[in-house]
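Data block below; observations after.
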There are 2 protein chains.
Amino acid sequence: MPDLIHIERFDNGLVLLGEPMDHVSSVSLTVRVPVGPIYDPSGMEGAAAVGAEWWLRGAGDRDTRQLNDALDSLGCRHVEAAGANFITFSAGQVHQRLDDVLRLYHDILLAPRLDDEAFDPCRNLIVQDLLSLDDHPAQKVNVLCRQRFFPHPLGRYHLGTAESLEAMTADAVRDHLLGHFCPDGTIIAVAGKIDWPQVRDRIEQHLGDWPARPQAEIDTQPATGGFEHVRKDTAQTHLALAQPSVTMTDGHYYAARVAVCVLSGGMSSRLMTEVREKRGLVYRVSTAYGGLKSCAGWFTYAGAVPEKARETLEVVVGELRRLGEGIEPDELARAKTQLKSATLMSLDMTGSRAARMVNDFHYLERVRTIDEITAAVDAITIDDVLAYLQAYRAGDFVGVVIGPEPVPLAVFEA
Amino acid sequence: MPDLIHIERFDNGLVLLGEPMDHVSSVSLTVRVPVGPIYDPSGMEGAAAVGAEWWLRGAGDRDTRQLNDALDSLGCRHVEAAGANFITFSAGQVHQRLDDVLRLYHDILLAPRLDDEAFDPCRNLIVQDLLSLDDHPAQKVNVLCRQRFFPHPLGRYHLGTAESLEAMTADAVRDHLLGHFCPDGTIIAVAGKIDWPQVRDRIEQHLGDWPARPQAEIDTQPATGGFEHVRKDTAQTHLALAQPSVTMTDGHYYAARVAVCVLSGGMSSRLMTEVREKRGLVYRVSTAYGGLKSCAGWFTYAGAVPEKARETLEVVVGELRRLGEGIEPDELARAKTQLKSATLMSLDMTGSRAARMVNDFHYLERVRTIDEITAAVDAITIDDVLAYLQAYRAGDFVGVVIGPEPVPLAVFEA
């Protein structure tokens, strides 16, 4: 299936990406507006998350109930989420309904009601969601680790804090969100059974007169870094480690992705073999690449019984370091196969295609073809991977532990 | 996209289901063998879960490392899981690799090593996974609720107990699993870019001489039922309720599915409107249909701050009961659209198609066409839904609460 990706940039800065897939029955729509949590004003952390709830509480002529009814009547499965740079609106539907859904999204994007009386219920939901993180230590440890690892405010947790949520007012959140909600920096992707010229015309008709305004800038501050133990009477000790990596525009990018796969890319990967299979130390252990536009990292998680937490950490850190000492040709080959096959298989889903296009455009201002990705992965040599690992030595760790007893994370500092 | 589903039953009882999808690049393979947790001998609960780990620890000529390497080299993303009746082997790969993957699965299914020395690491992993449930109260409350709701051993938690895992031996688990591992009752589904005659021939060649033996029977005992409060110092109070529903062979089946959608099928559904949108009581609340072959239920979950747990429960139970009092025509229409559109959209994924075929065959001994499902949903009237709700009144609840304070669940008993 050759990929044919259409790109249209409208006069107001709005970017539309389209990928026709003739032989599916659905269409995925993704709209990313650059008013995400990293833009939340200081003291109003969580504003974008509240906004993502609030935004669907009535639009145009429809109140909340009527808008929900209209979307559900079209069989539209929609999700709104705040994360990093964006509030993301995602909608999946059978292709016959796309036109009607786009009409509704015109109102949602350009004429949200954001009524005062809907604000408190939305804020309450985010307070609840924030609270539930305390009952998910495996998730919380990663949230805390990202907060320490990324420069402020890039690693900010999107739900804010109990204090910031309590302090914010409907007026302040509305002013902030509407002040940043703009077509410049907004990326829309449509993947599935579409007629591209028709989709382009519809989007132009609905969103072409969205008034342009300059996209907001972000000042970043140095990361907190360091190590933290959160004492909690959990059944497992949850360990999270982060270390610097390269962004998608970096020459080392594909080498970094291949290296992560050698470490954690399948059942034959080093972490699975050494931590899970040989020693049976933990059920879940993984290292994943996580990138933003300006910085990126490798994020490692493991959950172990408290009495095996230290051994687990030693083995994991040992493997992170050993990677730089050499890689076997068959490990490289398997890692490349894994990476390419994951990419190829994700193409069978409209939602993955839409997300892939939006991500690529955000990071690169263009969309890579599958041939380009495949060729770039194929070209990586062991020397490329080792050169990357030389430049980004394991050792500059940030770490968080949640569990009943501390684990001496700092021992493993460079 | 018309669905063309091939069914082949081999002499040894093995059933193969195939669905060609010409315009995708991947193939999903699902193999379900009837040796799941419900067959675990008393005192050996968790044997199937340990088995699902153990089964990939070497097969035929390959030891664990060689088998993992071989699968990873083919870009095969595989998962093994134990649940209810089955151990399920799932594998996704680009279509060019299917032949090689099937060759490996011949060894995995018919010549697993199940070596003594691999047993303890596998058991340790399941012990770890079981332990981690204590750090996931939102999941645990549903596990406990299903255990009380279904007749024994159908609601059994697949990971067993600390005691049963500790007590089991490699010999006993191997004898049990190999004694039940048989082609009769095993269902294989292949969906994606396939040449059906070739896939059928390959499966026949690899698995046609798998010796037949009668499938094991299960004696069920009455469910525990009732209510339970697990005191735990969680941030939220986690509530789970279950009530009886109908299986897929029942005349009320589609009415039951539509009714659940009215209650919990989209943002305009009653639970979302009453609990989440109007009152902002909880971030997560849902009712889902969950069926086994011989029994089924509706399973409701909500997570609320402890001081709002009682109000949340009252509103949720109120909505479960109010459903039987009447449904509006537009609610019915939206619920039917939701159900049909979710079904249609899932068809774009090879993995969903394979899972759908296997489920249908397990429940019905045939695979429904999409036209059949769509027509059955379309035919449901308000009277059909009310007749179902009359026969299965909300009130016969089973319930579990995890949280710092008890919530008087029993108040809501019929």
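The values are calculated or read from the model by the stated rules, or taken from the named source; none is laboratory data. Quick caveat: nothing in here was measured; it's all calculated off a predicted structure. Ideal geometry is used to build each Cβ from the backbone, glycine not excepted, and the neighbour counts take in all protein chains shown.
Couple of notes before you dig in:
- Scanning region B:225-239 for residues that are surrounded by fewer than 15 Cβ atoms within 10 Å (Cβ to Cβ) and either free of Cβ contacts under 8 Å to residues at least 24 places away in the same chain or not small (Gly, Ala, Ser) (or both) turns up B:ARG231, B:ASP233.
- Among (1) surrounded by fewer than 21 Cβ atoms within 10 Å (Cβ to Cβ); (2) within 14 Å of another protein chain (Cβ to nearest Cβ); (3) among the aliphatic types (A, V, I, L, M), the one test that A:ALA212 misses: (2)
- Matching entry among A:ALA216, A:ALA172, A:ALA189, A:ALA223 (being farther than 30 Å from B:HIS238 by Cβ and modelled with pLDDT under 95): A:ALA216
- Of the residues A:LEU29, A:LEU16, the single one that is part of a strand (DSSP E or B), in contact with an Asp or Glu (Cβ under 7 Å, 6 or more places away or on another chain) and buried (at least 19 other Cβ atoms within 10 Å of the Cβ) is A:LEU16.
- One residue stands out in region B:35-83 among those that are among the β-branched types (Val, Ile, Thr) and part of a helix (DSSP H, G or I): the one that is nearest to B:ALA118 (Cα to Cα), namely B:THR64.
- Matching residues in region A:94-106 - criterion: being within 11 Å of another protein chain (Cβ to nearest Cβ) and not β-branched (Val, Ile, Thr): A:HIS95, A:GLN96, A:ARG97
- Among the residues listed as B:ILE380, B:ILE373, the single one being under 22 Å from the mean Cα position of the chain (by Cα), surrounded by 13 or more Cβ atoms within 10 Å (Cβ to Cβ) and within 17 Å of B:ALA259 (Cα to Cα): B:ILE373
- Any chance B:ASP129 is within 14 Å of another protein chain (Cβ to nearest Cβ) and either under 19 Å from the mean Cα position of the chain (by Cα) or surrounded by fewer than 19 Cβ atoms within 10 Å (Cβ to Cβ) (or both): yes
- Taking helices (runs of 4 or more DSSP H) as the structural unit, those lying wholly within region B:311-414 and holding at least 1 residues that are without any contact (Cβ under 8 Å) to a residue 40 or more places away in the chain and in contact with a Gly (Cβ under 7 Å, 6 or more places away or on another chain) correspond to B:329-346.
- For the residues B:LYS340, B:LYS308, the requirement of being modelled with pLDDT under 95, among the basic types (Lys, Arg) and within 23 Å of B:LYS278 (Cβ to Cβ) singles out B:LYS308.
- When residues of region B:175-194 are limited to those that are of a type in the set (D, E, K, R) and out of contact with any helix residue (DSSP H, G or I) (no Cβ under 9 Å at 6 or more places or on another chain), the one nearest to B:LEU29 (Cα to Cα): B:ASP184
- Whichever residue in region A:289-302 is modelled with pLDDT under 95 and over 15 Å from A:TYR392 (Cβ atoms) and, among such residues, is farthest from the other protein chains (Cβ to nearest Cβ): A:SER294
- As for region B:240-247, it holds no residue that is buried (at least 17 other Cβ atoms within 10 Å of the Cβ), closer than 26 Å to B:ASP348 by Cα and under 23 Å from the mean Cα position of the chain (by Cα).
- Of the residues screened, A:ILE87 is not one that is in a helix (DSSP H, G or I), more than 12 Å from chain B (Cβ to nearest Cβ), closer than 28 Å to A:GLN221 by Cβ and not hydroxyl-bearing (Ser, Thr, Tyr).
- When B:ARG123 is tested against (1) crowded, with 21+ Cβ neighbours inside 10 Å; (2) not in a helix (DSSP H, G or I); (3) not acidic (Asp, Glu), just one condition goes unmet, and that condition is (2).
- Residues that are touching a Ser or Thr at 6+ places or on another chain (Cβ under 6 Å) and part of a strand (DSSP E or B) within region A:236-264 comprise just one, A:LEU241.
- Hits in region A:112-126 (condition: in contact (Cβ under 8 Å) with a residue 60 or more places away in the chain and away from chain B (no Cβ under 11 Å)): A:LEU114
- When residues in region A:227-272 are screened for being in contact with a Leu (Cβ under 8 Å, 6 or more places away or on another chain), over 22 Å from A:LYS293 (Cβ atoms) and of a type in the set (Val, Ile, Thr), 2 of them pass.
- Failed condition for B:LEU109, given (1) of a type outside the set (Lys, Arg); (2) part of a helix (DSSP H, G or I); (3) within 13 Å of another protein chain (Cβ to nearest Cβ): (3)
- All positions within region B:291-307 that are in contact (Cβ under 8 Å) with a residue 40 or more places away in the chain and either assigned to a helix (DSSP H, G or I) or of a type in the set (Asp, Glu) (or both): B:PRO306
Here is a yes/no grid of residues against (1) over 23 Å from B:ALA335 (Cα atoms); (2) within 14 Å of another protein chain (Cβ to nearest Cβ):
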{"site": "B:GLY225", "(1), (2)": "yes, no"}
{"site": "B:LYS232", "(1), (2)": "yes, yes"}
{"site": "B:HIS238", "(1), (2)": "yes, yes"}
{"site": "B:ARG257", "(1), (2)": "no, no"}
{"site": "B:VAL262", "(1), (2)": "no, yes"}
{"site": "B:GLU274", "(1), (2)": "no, yes"}
{"site": "B:LYS278", "(1), (2)": "no, yes"}
{"site": "B:TYR283", "(1), (2)": "no, yes"}
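- Hits in region B:322-369 (condition: among the hydrophobic types (A, V, I, L, M, F, W, C), within 18 Å of the chain's Cα centre (by Cα) and away from every other protein chain (no Cβ under 14 Å)): B:ALA355, B:MET357, B:VAL358, B:PHE361, B:LEU364, B:VAL367
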